[in-house]
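S.K.: Sharing a structure, written as structure tokens. Questions coming.
The values are calculated or read from the model by the stated rules, or taken from the named source; none is laboratory data. The structure presented is a predicted model; accordingly, all values stated were derived computationally and were not measured. Neighbour counts run over all protein chains shown; Cβ positions are idealised from the backbone, glycine included. All accessible areas refer to the heavy atoms of the entire protein, side chains included, with ligands and DNA or RNA removed. Shrake-Rupley method; radii C 1.70, N 1.55, O 1.52, S 1.80 Å.
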Amino acid sequence: NNNNNNNNNNNNNTPIGTVKRTNSNDDETTLGRIKHATVKHRRDATRLLPVELGISRLPPSSLLSSSASREPIYFAHIKDLSQLHDHRDQIAHKDELCQAMIDASFDPMFGIDQRGKILVCNVAACSMFGYSREEFLGKNISIICNERDAPHHEDHMARYIRTGEKRVIGRKRPLVARRKDGSQFHIELGVSEVNLRNGEKMFCGYVRDMTQQRLDKLNLRKKEAVIQEKFFHNNLGMPQEEAEKLGEGKRREILRGQRKVESLPGGILGDEF
């Protein structure tokens, strides 16, 4: 009878799983810590599930640990991370899709936070300014500003956040930008504002290189000057016979108008476009 009872006890105590202990250091490196692992699906062995695994040991002073066996008792805690991983994959897919759409733009584009830190840029921006994407991200947008404007950029942004007065937002304006090699060139900058859910603002800047357009206008102006010098022989922009018919007052009025146009900031020969 005693033998039968012992056999029954052994059958009842058959474990459904085992913990293999290799050395005493396992307790220090595994117990009480959370680890990520993959396990096979119960019904489909080819499917692996991501899980969060934690192993703890029952204290020796507990009632269960003071049993006659004196063997340590371990508890395994498993959490299925499949939904979390699926959610992360969806977010990563959306991020990749947004970046692909941004990179598809022919014009350089930047996305910055309200402190001027670059959050997003596209391939065209990297190509225009000579920086890699890794060099751009996290840096202040002032790295592409010219030496005169760069020290004041953060002050301009702080003023707008504080007052809400728009001077650049929603407009296009000519500026001088700076490449990684230090060379400067003329651009047209358009800035739009995005209000985020957390109450902060994000700004998107779109850049166009105006170098060639400025050169084309300058060449056109030179050709006009040559034609005027060759055929009209006066600075009024009309045939000499018609110019001689004008009174002195009318001639002076035309010349004053021409000088005003040439002195405008957007004039072809002006310092600013």
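S.K.: Check whether at least one residue in segment 88-98 is modelled with pLDDT under 85, surrounded by fewer than 15 Cβ atoms within 10 Å (Cβ to Cβ) and over 28 Å from ALA37 (Cα atoms), and report yes or no.
M.R.: For segment 88-98, residues modelled with pLDDT under 85, surrounded by fewer than 15 Cβ atoms within 10 Å (Cβ to Cβ) and over 28 Å from ALA37 (Cα atoms): present.
S.K.: Tell me which residues, restricted to segment 127-176, are small (Gly, Ala, Ser) and farther than 15 Å from GLY190 by Cα.
M.R.: Within segment 127-176, SER127, GLY130, SER132, GLY138, SER142, ALA150, ALA158, GLY164 meet the criteria.
S.K.: Quick one: in segment 165-182, which of the residues that are in contact with a Leu (Cβ under 8 Å, 6 or more places away or on another chain) and open to solvent by 60 Å² or more (accessible area, probe 1.4 Å) is farthest from ARG214 (Cα to Cα)?
M.R.: LYS172
S.K.: Go through segment 144-173 residue by residue and tally those that are out of contact with any Asp or Glu (no Cβ under 9 Å at 6 or more places or on another chain) and more than 20 Å from LEU196 (Cβ to Cβ).
M.R.: The total comes to 14.
S.K.: If I go through segment 200-212 residue by residue, how many of them are surrounded by fewer than 13 Cβ atoms within 10 Å (Cβ to Cβ) and assigned to a strand (DSSP E or B)?
M.R.: Within segment 200-212, residues that are surrounded by fewer than 13 Cβ atoms within 10 Å (Cβ to Cβ) and assigned to a strand (DSSP E or B) number 0.
S.K.: In addition: Of the residues that sit in segment 183-199 and are open to solvent by 60 Å² or more (accessible area, probe 1.4 Å) and of a type outside the set (Lys, Arg), which one is farthest from ILE118 (Cα to Cα)?
M.R.: Taking the candidates together, the pick is GLN184.
S.K.: Quick check on my filter: what residues within segment 111-158 are in a loop (DSSP other than H, G, I, E, B), within 14 Å of GLY205 (Cα to Cα) and open to solvent by less than 20 Å² (accessible area, probe 1.4 Å)?
M.R.: Answer for segment 111-158, where residues must be in a loop (DSSP other than H, G, I, E, B), within 14 Å of GLY205 (Cα to Cα) and open to solvent by less than 20 Å² (accessible area, probe 1.4 Å): GLY116, ASN122.
S.K.: Report whether or not THR46 is modelled with pLDDT of 70 or more, of a type in the set (S, T, N, Q) and in a loop (DSSP other than H, G, I, E, B).
M.R.: Yes: the conditions hold for THR46.
S.K.: Which of (1) in contact with a Leu (Cβ under 6 Å, 6 or more places away or on another chain); (2) open to solvent by 40 Å² or more (accessible area, probe 1.4 Å) does LEU215 not meet, given it meets every other one?
M.R.: (1)
S.K.: Same structure, new question: For GLU193, indicate whether it is at pLDDT 60 or above, within 24 Å of the chain's Cα centre (by Cα) and of a type in the set (Asp, Glu).
M.R.: Yes; evaluated as a whole, the condition is true for this residue.
S.K.: Could you please give the count of residues in segment 92-126 that are more than 24 Å from GLN184 (Cα to Cα) and of a type in the set (A, V, I, L, M, F, W, C)?
M.R.: Here the count works out to 7.
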